[in-house]
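Some notes on the structure that comes next.
The values are calculated or read from the model by the stated rules, or taken from the named source; none is laboratory data. What you see is a predicted model; the values in this text were computed from it and never measured. All Cβ positions, glycine included, derive from the backbone under ideal geometry; neighbour counts span all protein chains shown.
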2 protein chains.
Amino acid sequence: MGIVVQKYGGSSVATADHIKAVAERVKKARDAGSDLVVTVSAMGKQTDRLLRLAGEVSRSPAPREIDQLLSTGELQSVALLAMALNDRGVAATSLTGSQAGMKTEGRYGSGVISEIRPERLRGLLAEGQVAIVAGFQGTNSLGDVMTLGRGGSDTTAVALAAALDADRCEIYTDVDGIYTADPRIVPEARRITVISPSEMAEMAWRGAKVMHPRAVELGALYGVEIHVKSSFGGGPGTVITGGEDLERLETRETVAGIVHDLDVARVALNGIRTGPGTLSRVFTPLAERGISVDVIVESGMKDGRADVAFTVRRGDFPEAREAMEELAPALGGQAEGEEELGKVSVVGTGMLNRPGYAAKMFDTLGEAGIPIRMVSTSEIQVTCVMRAEEVDGAVRRLHESFELEERDV
Amino acid sequence: MGIVVQKYGGSSVATADHIKAVAERVKKARDAGSDLVVTVSAMGKQTDRLLRLAGEVSRSPAPREIDQLLSTGELQSVALLAMALNDRGVAATSLTGSQAGMKTEGRYGSGVISEIRPERLRGLLAEGQVAIVAGFQGTNSLGDVMTLGRGGSDTTAVALAAALDADRCEIYTDVDGIYTADPRIVPEARRITVISPSEMAEMAWRGAKVMHPRAVELGALYGVEIHVKSSFGGGPGTVITGGEDLERLETRETVAGIVHDLDVARVALNGIRTGPGTLSRVFTPLAERGISVDVIVESGMKDGRADVAFTVRRGDFPEAREAMEELAPALGGQAEGEEELGKVSVVGTGMLNRPGYAAKMFDTLGEAGIPIRMVSTSEIQVTCVMRAEEVDGAVRRLHESFELEERDV
């Protein structure tokens, strides 16, 4: 049998009882004969608790120390899971990111995996042990702990699967797969059985919370088959793969799903003088502040002047608007912004070279009387920015008009 | 200025406010010009919380996993203290035991420091940084975390002071020094200003809780001057040193102090046949169970039979008695035991070669009508085991008869 990597999130290991349930599930997979590597997140609200303590002792804690602090959450989880497995007669050993050979580089708080040296992991597997690896962390060339930032534990799991040439990577979460839309908004939404990595990454970037796009892209790069499943039920979940099954599906399927995101605010510079280097002057100060920009729209020039607008996360809104207010006078324009926005995206590789899908999206929203504030398109998605209060209705109408509930017959 | 190592215990870093108070104290020492290495324990009840979780997921957690789990408590403390120092404008960097070059060997849960590689520590000090080192831990040759067991953080501090050839090691605790007896029992007890390492170690082994004897002995071995001080007040505390000041004191002082311990139980084998190897048959099964034996008394043989009695910690009593009950029939004797005991010791290098001190102790207890159950003596202490309820009275009477309250004129 081959190697399987499993990842359990923080809500799956929130209490001693949860950890015991995960141990039962791991034991079952081990009994079925797979060589197992398991990676876990910190217990439930542990990370929040540690961040709160950091905020109590310091106004602006150094990122290196934050990483040192936060990495302990995963270390506790792996030790406890190894104990729970041992208690069930399953040989298991916990490893820190460092012990698992996770080498990182980049900035503290948002490290990237530069290399995995899996000798010790392979040694444990050869002994018949389950290796339990602390997610979300590695060590840099100084020997310091670095956390991997957003999506870190998913990324750990997929990277381990790639380094060990695993049969598959199983991501256990609190939902039973990826849906054609958020079932809380669209009760008819359907679980997607197979999805391509590029569609999945696009859905994740555009708002699907189940799995982090960074991990999906890493999986695509190394050809890792990812299974998204529920920690609690036993269903088949969603398989993310670029393999043959998908090719067959793609010939008849077009739109994979509708995703939405309410963490959207918009900042605009109106009436600015444009010329070579203008956009760089707009976006460099944002990059320097570490603010990610999503949708960008530049209006056509008129009398040597133009409007530039872009979206950011709501948490970054005050700083982004301040930066633009500082800049606007030098460009002869004015800054403005609004916070209560959302975006809705239609995602699917089937849209490639079929321009009719964007038109169909605009028609649907127009008929529903929903004003579109900004638009962004790529080969496999169309995204519309709108007022936050319009998002639920837009998702429902689009799910209906693209006939997603009926596709699976 | 030279290097000073400071150690703060768990109660000194129990909350964010406590950590900030420690940061103020460290800043003051730094402002005074010393190069500082600070080691801290886990926050307050953190270790207990983690052990409880371990007990919830496993009936007998593997020592390696316990170590992996418990080491996170100190990692959190060091990161938080570094943040609190940075927030006060003091350059500080936290280090895990591994990063500080702490190499260990031996058994998980009771590792011993085999080597310290202080290159990184020295580099931080050369940069003018305060180095904050996680106490109680190091890594073994496998790269696994090992905790140092009882007295681990004190031992970390003293070992660092030795490796860095520090001017002194300051142990901050919740009392303001070592006393001639427990002030809760003897209000007249006096703070000892200077004490020799051998006396201090003996007092610690015999029940003084302030500092662990293991750390005292390590300090004696490497000539580290140890200052025991209060985390909260600003007094001079007690200095543990073998230096000149002490020599002078020793010419006129005899008894350093009276210590007591209520964590004592007694197990006896009565009427056993003795011969070559009998004692080994008695104590080997205890060693195999990891049970430490303290006072041992063997009665004179009569008709080829003898009685052997020894004391253990109360937590080890059930297992020790069980082991002896299994053994007794083979030796033709009977096992018995009692739990509610205590011991009282008179400690002082001045007792060396002056047998009158043991006699004075027995006289004092006899006059007070306190029955002595067992006696143990060495060059610098006399210990009497008695019923637990007699301990307070014994300490008071002995403190009086050895005139300890009057010595410091």
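A:MET386 satisfies every condition listed in (1) in contact (Cβ under 8 Å) with a residue 24 or more places away in the chain; (2) out of contact with any Pro (no Cβ under 7 Å at 6 or more places or on another chain); (3) of a type outside the set (S, T, N, Q) except (2). The one condition from (1) touching a residue at least 40 places away in the same chain (Cβ under 8 Å); (2) buried (at least 18 other Cβ atoms within 10 Å of the Cβ) that A:MET83 does not meet is (1).
Of the strands (runs of 3 or more DSSP E) that lie entirely inside region A:256-334, those containing 3 or more residues that are over 30 Å from A:ASP182 (Cα atoms) span A:257-273, A:305-312.
Residues are listed down the side, and each one gets a yes or a no for (1) closer than 20 Å to A:ARG120 by Cβ; (2) out of contact with any Lys or Arg (no Cβ under 7 Å at 6 or more places or on another chain); (3) of a type in the set (A, V, I, L, M):
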| residue | (1), (2), (3) |
| --- | --- |
| A:ARG59 | no, yes, no |
| A:LEU75 | yes, yes, yes |
| A:VAL90 | yes, no, yes |
| A:ARG107 | no, yes, no |
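If you go through region A:26-47 and keep only what is within 14 Å of chain B (Cβ to nearest Cβ) and in a helix (DSSP H, G or I), you end up with A:VAL26, A:LYS27, A:GLN46, A:THR47. Working only within region B:33-51, note down all residues that are under 20 Å from B:SER98 (Cα atoms) and of a type outside the set (A, V, I, L, M, F, W, C). Those that are under 20 Å from B:SER98 (Cα atoms) and of a type outside the set (A, V, I, L, M, F, W, C): B:THR39, B:SER41, B:THR47. For first residues located in region B:299-326 and under 14 Å from B:MET374 (Cα atoms), partners that are assigned to a loop (DSSP other than H, G, I, E, B) and among the acidic types (Asp, Glu) and lie 6+ apart or on another chain with Cβ distances below 8 Å form the pairs B:PHE310/B:ASP294; B:THR311/B:ASP294; B:VAL312/B:ASP294.
Can you find even one residue in region A:88-105 that is among the charged types (D, E, K, R), assigned to a strand (DSSP E or B) and surrounded by fewer than 21 Cβ atoms within 10 Å (Cβ to Cβ)?
Of the residues in region A:88-105, the ones among the charged types (D, E, K, R) are A:88, A:103, A:105.
Then drop every residue that is not assigned to a strand (DSSP E or B), which leaves A:103, A:105.
Filter again for surrounded by fewer than 21 Cβ atoms within 10 Å (Cβ to Cβ), leaving A:103, A:105.
Yes.
Run down B:SER12, B:SER94 and say which single residue is more than 9 Å from chain A (Cβ to nearest Cβ) and among the polar types (S, T, N, Q). I'd like the intermediate steps shown before the answer.
Working: B:SER94 fails: more than 9 Å from chain A (Cβ to nearest Cβ).
That would be B:SER12, the only listed residue that is more than 9 Å from chain A (Cβ to nearest Cβ) and among the polar types (S, T, N, Q).
Restricting B:GLU405, B:GLU389 to those that are modelled with pLDDT under 90, in a helix (DSSP H, G or I) and farther than 24 Å from B:PRO213 by Cα reduces the list to B:GLU405.
Go through region A:227-278 residue by residue and tally those that are of a type in the set (D, E, K, R) and modelled with pLDDT of 85 or more.
Of the residues in region A:227-278, the ones of a type in the set (D, E, K, R) are A:229, A:244-245, A:247-248, A:250, A:252-253, A:261, A:263, A:266, A:273.
If we keep only those that are modelled with pLDDT of 85 or more too, we end up with A:229, A:261, A:263, A:266, A:273.
Matching residues across region A:227-278 total 5.
Checked against the criterion of being surrounded by fewer than 21 Cβ atoms within 10 Å (Cβ to Cβ) and touching a Gly at 6+ places or on another chain (Cβ under 8 Å), region A:334-351 has at least one qualifying residue. I'd like to check something: does region A:54-74 contain any residue that is touching a residue at least 12 places away in the same chain (Cβ under 8 Å) and hydroxyl-bearing (Ser, Thr, Tyr)? Taking every residue of region A:54-74 in turn, at least one turns out to be touching a residue at least 12 places away in the same chain (Cβ under 8 Å) and hydroxyl-bearing (Ser, Thr, Tyr). Screening B:LEU125 with (1) surrounded by fewer than 19 Cβ atoms within 10 Å (Cβ to Cβ); (2) under 28 Å from A:LEU80 (Cβ atoms); (3) touching a residue at least 40 places away in the same chain (Cβ under 8 Å); (4) more than 13 Å from every other protein chain (Cβ to nearest Cβ) gives one miss only, at (2). If you take the residues of region A:63-80 that are more than 7 Å from every other protein chain (Cβ to nearest Cβ) and not hydrophobic (A, V, I, L, M, F, W, C), which of them is surrounded by the fewest Cβ atoms within 10 Å (Cβ to Cβ)? Checking each candidate, the answer is A:PRO63. Only one entry of A:GLY332, A:GLY366, A:GLY356 meets the criterion of being over 24 Å from the mean Cα position of the chain (by Cα), modelled with pLDDT under 95 and on the phi > 0 side of the Ramachandran plot, and that entry is A:GLY332. For region B:55-107, which positions are under 14 Å from B:THR39 (Cα atoms) and among the aliphatic types (A, V, I, L, M)? Listed by number, the residues that qualify are B:LEU75, B:VAL78, B:ALA79, B:LEU80, B:LEU81, B:ALA82, B:LEU85, B:ALA92, B:LEU95, B:ALA100, B:MET102.
Being more than 11 Å from chain B (Cβ to nearest Cβ), over 20 Å from A:GLU170 (Cβ atoms) and of a type in the set (D, E, K, R) narrows it down to one residue among A:ARG150, A:ARG120; which is it? Working first, answer last.
On the way: A:ARG120 fails: more than 11 Å from chain B (Cβ to nearest Cβ).
Going through A:ARG150, A:ARG120 in turn, just one is more than 11 Å from chain B (Cβ to nearest Cβ), over 20 Å from A:GLU170 (Cβ atoms) and of a type in the set (D, E, K, R): A:ARG150.
Checked against (1) of a type outside the set (Lys, Arg); (2) crowded, with 22+ Cβ neighbours inside 10 Å; (3) at pLDDT below 95; (4) not in a helix (DSSP H, G or I), A:VAL5 passes all but condition (3).
The sole residue among A:ALA162, A:ALA134 that is of a type in the set (Gly, Ala, Ser), under 22 Å from the mean Cα position of the chain (by Cα) and within 14 Å of another protein chain (Cβ to nearest Cβ) is A:ALA134. A count restricted to region B:16-47 and to residues that are over 26 Å from B:GLY149 (Cβ atoms) and among the polar types (S, T, N, Q) stands at 1. Summed over region B:51-62, the residues that are part of a helix (DSSP H, G or I) and either at the interface with another protein chain (Cβ under 7 Å from one of its Cβ atoms) or touching an Asp or Glu at 6+ places or on another chain (Cβ under 9 Å) (or both) give a count of 4.
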